[in-house]
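The values are calculated or read from the model by the stated rules, or taken from the named source; none is laboratory data. This is a predicted model, so every value here is computed, not measured. With ideal geometry, Cβ positions are generated from the backbone for all residues, glycine too; neighbour counts draw on all protein chains shown. What goes into the accessible areas is simple: the full protein's heavy atoms, side chains included, and nothing from ligands, DNA or RNA. Shrake-Rupley method; radii C 1.70, N 1.55, O 1.52, S 1.80 Å.
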There are 2 protein chains.
Amino acid sequence: MTALISIKKPLFSDDGLGYGPGGAGSMRKDIHNSNIPVRCVSCEVRHKGMCGALTADELLSLSAHTRLVTHDAGGELAGEKMPVESYATVISGVVKLTKTLEDGRQQIVGLQFAPDFLGRLHADENGVSAEAASDVHLCRVPKAAMERLVKSTPALAERLMNQTMRELDEARDWMVTLGRKTAAEKVASFLLLIATHLDPEAAGQSRRFDLPLSRADIADFLGLTIETVSRQMSKLKADGVISIVANRHIEVPKLARLKACCGA
Amino acid sequence: MTALISIKKPLFSDDGLGYGPGGAGSMRKDIHNSNIPVRCVSCEVRHKGMCGALTADELLSLSAHTRLVTHDAGGELAGEKMPVESYATVISGVVKLTKTLEDGRQQIVGLQFAPDFLGRLHADENGVSAEAASDVHLCRVPKAAMERLVKSTPALAERLMNQTMRELDEARDWMVTLGRKTAAEKVASFLLLIATHLDPEAAGQSRRFDLPLSRADIADFLGLTIETVSRQMSKLKADGVISIVANRHIEVPKLARLKACCGA
DNA sequence: CGCCGGTTTGATACTAATCAAGTTAAGTGG
DNA sequence: CCACTTAACTTGATTAGTATCAAACCGGCG
């Protein structure tokens, strides 16, 4: 476990989350839309995610238990066989879910972006290890409080089901990439994934972004080695599909061009 | 769609499903245990699965809608972009879920054994194509009836959630295999998967079974070619880890020995 | 300035894909 | 019943794509 800092005051004034109208008074009419940001009383941040399924009363009672916590990149949030003690919602940053073979070979089996929910309900262990890929802010909820709330709030259970099904879709999409794509297609697919997840708005042709993962992590995600990832990135750059502004900072002039490199 | 035959009379007297005590009178006390077989009034077969979450009344009302159907090996049950028209429970046989790239490269992203539930609730398309890997018996339920029942039966929704989470676990386990294991480890892992899924009882050291998948399907599952699968099977045979009684019929003298070949 | 982790680039080795015959098993029709 | 056909599988030779090993590069920081 790395150091984690508890913060009780608003943090994000200029990171795209911001404050706005609506907020704590919102009633259950928007329960089916997790894309509407809700002023979460508990962590004092306006964000999307599970909290949108809660009423003002429920949010208030939650606020007694939740904590906004920060993890530095590389920090371990949960071990593969570690008992689950709390759940969390990703507020900002990226969390990687990994599995490791006995001899050390590692595979990233999922990436969680804001506003994903972290942790498996009613399970002793989660089966995957969760690590902060970048610096991460989480809205943490104790195990018992969350489970109580889920039981009494069908809308929340429904959202969790929806997220689980989305994760299953993503896992299956990635199985195709792992099993049937070439190294070049894998790297292109990864860049496209990040480009589309990091700012879903700004749907313009061109995009610039910072990779939330190191080359080593990308390799673990794609089932490749660091060297192969590096070579394929260099090749995409040489072909003019991307430009590498800095190590982590990538620009994609034409998203369609990148898509064409993904093999499907 | 291939031909499907509707049958209204009991079929399985000697395939391990059989009839027995309990049955239609069972009340909701066993809702959390999908391993207790229940006499499903609808398809007139005693089986495990979702029906175990239903009361006698619910089973009876279901029986008006369900049909026991048969599909021959290779039959397509649902297309990747085909609208969902009905759900089903696998009674016997194996269903493969596949995804295909535009150029024809294919990847199996999941295998469903009895008593798995087939189909995604509240979705227009399922995102995967479902095919009968072997000859398959299904207990089919129309879309509307199933969705109505789920809404009114929280225990059923809970079971579906549990299955979805199990599928997610399996998908993630398989991502490790696809991304980080060698061809030899992949084939061994596949054989172990089948050996343990096909008869979960008979936990003895030695096992004999028929592969429900062709070499081509195995290759699509493992992200390999037919030739590589064949070679690795031959190697396992040469090493005495398995014996190939007939093309499809495999014997594993020591399961632990096979496990040791799986790389983790 | 020089160290250090992360990254890139290069040379070589090795695994699995591809191409190409064979072999076996199950039908099919004479 | 047996020749013929066909699909599924096995085996072999060669090639292509990645991994591995090794060295250089680069940016940040003490």
Cβ-Cβ under 9 Å, sequence separation 6+ or interchain: first residue in region A:215-230 and within 12 Å of A:THR177 (Cβ to Cβ) and touching a residue at least 60 places away in the same chain (Cβ under 8 Å), partner near DNA strand D (Cβ under 6 Å from one of its atoms) and open to solvent by 30 Å² or more (accessible area, probe 1.4 Å). Which pairs? none
Counting only residues that are in a helix (DSSP H, G or I) and within 8 Å of DNA strand C (Cβ to nearest atom), which one in region B:171-186 is nearest to B:LEU111 (Cα to Cα)? B:LYS186
List, please: which pairs have Cβ atoms under 6 Å, are six or more places apart or on different chains, and start with a residue in region B:105-129 that is within 12 Å of chain A (Cβ to nearest Cβ) and at positive phi and end with one that is surrounded by fewer than 19 Cβ atoms within 10 Å (Cβ to Cβ) and at pLDDT 95 or above? B:GLY127/A:ASP169
Does region B:229-260 hold any residues that are open to solvent by 40 Å² or more (accessible area, probe 1.4 Å) and of a type in the set (Val, Ile, Thr), and which are they? B:ILE244, B:VAL245
Restricting to region B:130-147, count the residues that are open to solvent by 20 Å² or more (accessible area, probe 1.4 Å), in contact (Cβ under 8 Å) with a residue 12 or more places away in the chain and not acidic (Asp, Glu). 5
Taking the criterion of being within 19 Å of the chain's Cα centre (by Cα), of a type in the set (Phe, Trp, Tyr) and within 16 Å of DNA strand D (Cβ to nearest atom), would at least one residue in region B:162-175 satisfy it? no
Which condition number does B:VAL95 fail, the rest of (1) within 15 Å of the chain's Cα centre (by Cα); (2) more than 30 Å from A:CYS262 (Cβ to Cβ); (3) more than 8 Å from chain A (Cβ to nearest Cβ) being met? (2)
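For every residue, the table says whether it meets (1) farther than 20 Å from A:ASP169 by Cα; (2) modelled with pLDDT of 90 or more.
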position	(1), (2)
A:ALA56	yes, no
A:LEU59	yes, no
A:ASP72	yes, yes
A:MET82	yes, no
A:ILE91	yes, yes
A:LYS99	no, yes
A:LEU111	no, yes
Are any residues in region B:157-185 open to solvent by less than 20 Å² (accessible area, probe 1.4 Å), over 17 Å from B:ALA114 (Cα atoms) and more than 8 Å from chain A (Cβ to nearest Cβ), and if so, which ones? B:THR177
Kindly indicate whether A:MET146 is under 17 Å from A:LEU54 (Cβ atoms), of a type outside the set (S, T, N, Q), within 12 Å of chain B (Cβ to nearest Cβ) and touching a Ser or Thr at 6+ places or on another chain (Cβ under 9 Å). no
